[in-house]
1. When all protein chains stay in place, what accessible area (Å², nearest 10, 1.4 Å probe) is found for ARG207?
2. Of all the stretches in the chain, which is the longest one without any exposed loop site, taking GluC sites (Glu not before Pro) in a DSSP loop (any state but H, G, I, E, B) with at most 15 other Cβ atoms within 10 Å?
3. Share of segment 247-306's accessible area from carbon and sulfur, percent, 1.4 Å?
4. Counting only heavy atoms of protein chains, what accessible area per residue, in Å², does the chain have with a probe of 1.4 Å?
5. Could you please state, rounded to a whole Å, how far the C-alpha centre of segment 19-86 is from the C-alpha centre of segment 150-224?
6. For the chain, what is the mean residue ellipticity at 222 nm derived from helices alone (per DSSP H run of n ≥ 4: -39500 (n - 2.57); sum divided by total residues; nearest 500 deg cm²/dmol)?
7. State the antiparallel share, in %, of DSSP beta bridges confined to the chain, rounding to the nearest 5.
8. Starting from the amide H of TYR66, placed 1.01 Å from N in the peptide plane, find each other amide H under 5 Å away whose residue is 5 or more places distant or on another chain.
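The values are calculated or read from the model by the stated rules, or taken from the named source; none is laboratory data. This is a predicted model, so every value here is computed, not measured. FYI the Cβ positions are ideal-geometry reconstructions off the backbone, even for glycines, and counts take in every protein chain you see. Heavy atoms of the whole protein, side chains included, go into the accessibility calculation; ligands, DNA and RNA do not. Shrake-Rupley method; radii C 1.70, N 1.55, O 1.52, S 1.80 Å.
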Amino acid sequence: MRVYNFSAGPSTLPLEVLEEAQKDFLDFAGTGMSVTEISHRDKTYEAVVREAESLVRELLNVPDDYAVIFVQGGASTQFAAVPLNLMHAGVADYIVTGNFAKKAWQEGQIYGTANKIGDSSDKTYTYIPDVDKLNYTEGADYVHITSNNTIFGTRYVKFPECKAPLVADMSSDIFSREIDVSRFGVIYTGAQKNLAPAGVTIVIAKRSLIQEPLKICPTMLKWKVQDENGSLYNTPPAFAIYMACLVLRNLKAKGGVKAMNEVDEYKAKLLYDFIDNSALYKNYVEKSCRSIMNAPFVTGSAELDAKFIAEAKKAGLVSLKGHRLVGGMRASIYNAMPVEGVKALIEFMKKFETENK
Ligand SMILES: *Cc1c(COP(=O)(O)O)cnc(C)c1O
């Protein structure tokens, strides 16, 4: 039986896509081979990479002077790739709004001066600093942000307007809202939250910014090299790209990012409205910057939280345990979580509240 899976990542995928992949698993596009067996140089497979790229371009309206590449190593590898490709003056700004933002900032310090110009750790990352009031460093190579903070459940509603190129880790909210790509120098995203299985990371980068990676940059981390080779410099994460392609086709068929955003906003509103009106559950994030992808909540008692998680699991609502840094519960309600899944969660929460008064 399929459950409603609220995992933060790897996470739920559209059922239609899983079924399609299953159907094609032994014989991919009439080749008589599985997509996991075919050479990445085979024309039939190369067509998948090209289609995935063009779907990313179309769905996010990516300008032509931007590279769109598929790489490995997760978003965490991009924490290093960002300075290795961009840190020419040796100075960058970081806004630290959560655990991944902090890791990116720490990785930046290996390669140069990484200034922490914003930090919301004073209130356990329950808000996003006012981006208009930060002291951006004159001449910085870039400003790094994390658009959605997966663990703490916050998101930027307004992005910084800065002179330096804006670099965003969008791992947990890409394709959940429309963005103006031209406002960013670089966007990167691990796929296993809102797009595909683990194994592939997408980098969208303005080509004029990536022409001269630092001398010490490993070849595999040079975005320019990956771009010039159409993401086929070496063996790509073939299956993950194939799955990403199917999910992107599915997203397009559902009306694209704008249509998906309406559903995502609706799901998040249902859940937060219920939490705000309940006597038992609390979400501590500042309302103006609540994530529409990850909603953490607590009952106020660690014992009751544990009981909630165990009973929810028995009811077919799984992976609701909060991150170890936050505790409590977290419902990740990515694009692939149907509205019915959120409604089922709310019904369960109501019942649990009544039973545990
Ligand atoms: C999950 C996540 C990461 C880490 O991704 P990996 O693929 O495990 O390296 C980085 N940033 C954000 C915002 C995330 O949600």
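1. 80 Å²
2. Working: sites that count: GLU37, GLU138, GLU161, GLU178, GLU286.
The longest such stretch corresponds to 179-285.
3. Working: 1570 of 2840 Å².
C and S fraction of accessible area: 55 percent.
4. Details: 15510 Å² over 357 residues.
I get 43 Å² per residue for this part.
5. Centre-to-centre distance over Cα atoms comes out at 16 Å.
6. Details: 9 runs with 128 residues, N = 357.
About -11500 deg cm²/dmol.
7. Numbers: 20 of 37 bridges.
Of all bridge pairs located within the chain, approximately 55 percent are antiparallel.
8. ARG207
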